[in-house]
Amino acid sequence: MKKYDVVIIGSGISSIISGLILTKHRKSVCILEQHYTPGGYTHSFTKNGVMYDTGAHYIGALDKGRPFHTLLTYLDIPMDGLFFPLDRHGYDILEFPSFSVEYACDYEQTISNLSTIFRKESDAIRRYFDYVKKVALQFPTYEYDSSYDEASMQKIMNTSLQDVLDTFTRRPRLQSALAAYCTLHGVFPKDVPFGIHAVVTDSLMHSVHGLRNGGQAFVDALLVRFKNQGGELFMQEKVVDLDIENSLIKKVTTASGKHFIAEWIISGIHPKAIFSFVRKHLKKAFTNRLDNIQESASFLTIYGEFKDVKHFAPLKNYYYFQQESPDKLIEVGTASDTPSCIFLSHPNTLDRKTGQTIIIPAKMEWFKRWENLCSNERKNDGAYNSIKQTIAQKILKTLASRGVSIDSWKTLDISTPITNRDFNGSIDGSAYGIYHSIDNTGVRALGPRTHIRNLLITGQSTLFPGMLGAAISGLRSCGHLIGIRSLLEELKKIQHTNRKG
Amino acid sequence: MNRDEIVNKVNDMLMQNFELTEDKLLPSSRFVEDLGLDSLDAVDMLVHLENQLNVKVDVEKFREVRTLGNVYDLVYEMSKELT
């Protein structure tokens, strides 16, 4: 039996980025994916000739010299044709009940937009964004700085966004506008480490791109490179067991009865899923902790198309918030409640190959009755389809009440937390895996190192939410195998050259 | 919370989660040598301490602790600061 240096479980972005870094460093690597399609939440699908993304809607930090671009350059990924820029002068329109504001790929522009609405708070707005910028620069795996200050890192990972907001302004309306990107990590302002919120915000303040041919094309490009570097990808190989001896994984077994052996195992799947295989080898201190960690909210997506997109400016996303209070921004109530937030992805007017998605935060418990049915059974279940349609109607009605012309909208499909769970293996269909609160991140994070000595964990469901977060966490996990300092130094050199150029 | 209450709470947490027996839980007990705990166990301990005692522990100070006595002192100090 072939012995690999590293077996990677799951094929989401963090897993593939890990595979690319390791094969670049001449490690023998294989990736095991349970599905017929690689990519995890980067999965996209085509229906009636129109492409839809399930999880990857827009990405930050992709301009030359920015962190994601630097990482892809380092990994020799040809980026031509994969991405297209959204509207730099205003890529996100945040619609609150009493005001509307645009975020731009420019700190000054965004500060100015907000200051026009909150005139008396313009100084606070500027100081807040200065602090976002400063904190993002301190993040070692974002700015590729190997000489970071540990004490400063601890501070930004131990301070909540809400605490930071309170130091700049006490006005809930302004706090809500500044905390809007809680939608992009799924953690409430009182719980999210400011470091995470700052990186997510900063990454979009410099550049925002959509995926020209969907997340799948991006994943395919990464996998071509991975295979060219000798990496192997095995599809429809669901891991069902890990053999342990002396706190080391000796063998990975899949449902098809195949065995894989390696010096190291990297898991990119949900931490609760991977540790379920080795539970009896773990101390109660860890399993009790793991059991008590809550999940980030799940989501419900309507896939479809506006035949008439006149209502929407091209290359902009729209957020419709129901409340103007930071603690209510991403609240999830019952299925019959008006959604706290509705996200409407940009209509891609560059071509009509990609469709639009409308997303709301949702809970698995809304669909508890159907959680044990397989996809085909659900498809034919009248009550399941009926509740999906009822929720979709409610969303469209809410949009109409906010002035959106929905007459030309045509719904193609609706996915629920059950769909998310089945496709991505996330517990209860959570959007970002575990709830990335202060209690589960930074020094308190579950990984990358684990109590199983040759198991590293990575990915947005464990370490850092979002696509950029997944990439960063892949980098961080590989750092344990090939040295994080040298890795960051290599990346820094590329970043420096690209920024100069 | 007085110091004795803190000692009891910390010891209960250690017995419950790390399956350590009471006779090992002495102020002089060293994490690694006497209790067999490593750096990852220390992270789990930090989280359990915070949850059970409802305090946020100063991570930089927690890195310095080497014995159980150091833990009692740190938690006592932090709970005093809170009150």
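Our coupling estimate for the range A:457-472, obtained by passing each phi through the Karplus curve with A = 6.51, B = -1.76, C = 1.60 and θ = phi - 60°, is 10, 8, x, 5, 6, 10, 9, 8, x, x, 5, 5, x, 5, 5, 4 Hz, Gly and Pro reported as x.
Using alpha carbons only, what's the Rg to Rh ratio of the range A:153-198 with Rh from Kirkwood?
Values: Rg = 9.8 Å, Rh = 10.4 Å.
Reported Rg/Rh (Cα atoms, Kirkwood Rh): 0.94.
Each other residue within a Cβ distance under 11 Å of A:Ile269 adds +1 if Lys or Arg and -1 if Asp or Glu, for a net charge of +1. Computed from backbone phi, the HN-Hα couplings of the range A:274-285 come to 5, 6, 5, 6, 10, 3, 5, 9, 10, 6, 4, 3 Hz, rounded to whole numbers (Karplus: 6.51 cos²θ - 1.76 cosθ + 1.60, θ = phi - 60°; Gly and Pro given as x).
Take each residue in A:444-453, count the other chain C-beta atoms within 10 Å of its C-beta, and the mean is 2.
With q set to 0.06, 0.09, 0.12 Å⁻¹, the log10 of I(q)/I(0) for the protein assembly as shown, from the Debye formula over equal scatterers at the Cα positions, is -0.31, -0.71, -1.28.
Restriction of the chymotrypsin sites (Phe, Trp or Tyr not before Pro) in the range A:1-89 to DSSP coil positions whose beta-carbon has at most 11 other beta-carbons within 10 angstrom yields A:Tyr36. On full extension, the segment bounded by A:Ile406 and A:Lys258 gains 48.2 nm, given 0.36 nm per residue less the C-alpha separation. Using a Cα-Cα cut-off of under 17 Å, which lysines could be cross-linked to A:Lys379, ignoring same-chain neighbours fewer than 8 residues away? Partners within reach: A:Lys47, A:Lys368, A:Lys388.
Can you give the FRET efficiency to the nearest 0.05 for A:Trp370 and A:Thr159, using r as the Cβ-Cβ distance and R₀ = 56 Å?
0.85
Overall dimensions of the range A:1-118, expressed as equivalent-ellipsoid semi-axes from the Cα gyration tensor (√(5λ), whole Å, largest first), are 37, 19, 13. The mean number of Cβ atoms from other chains found within 10 Å of a Cβ in peptide A:282-292 is 5, as a whole number.
If you look at the Cα atoms of the range A:275-346, you get an Rg and a Dmax of 19.5, 59 Å. Taking 1.002 mPa s as the viscosity and 20 °C as the temperature, the Stokes-Einstein diffusion coefficient of the range A:107-201 based on its alpha-carbon Kirkwood radius rounds to 157 µm²/s. Working value for the range A:170-329: equivalent-ellipsoid semi-axes of 38, 26, 15 Å, each the square root of 5 times a Cα gyration tensor eigenvalue, largest first. Taking the square roots of five times each eigenvalue of the Cα gyration tensor of chain B, the equivalent ellipsoid has semi-axes of 18, 14, 12 Å, listed largest first.
Give me the percent of DSSP beta bridges within the protein assembly as shown that run antiparallel, rounded to the nearest 5. Around 70 percent of the beta bridges assigned by DSSP in the protein assembly as shown are antiparallel ones.
Only lysines eight or more places from A:Lys493 in sequence, or on another chain, were considered; those with a Cα closer than 23 Å are A:Lys24, A:Lys27, A:Lys64, A:Lys133, A:Lys134.
Bear in mind that the values in this text are calculations on the coordinates, not laboratory data. Small disclaimer: the values here were computed from a predicted structure and weren't measured. Note that we place each Cβ from the backbone using ideal geometry, even for glycine, and neighbour counts take in every protein chain shown.
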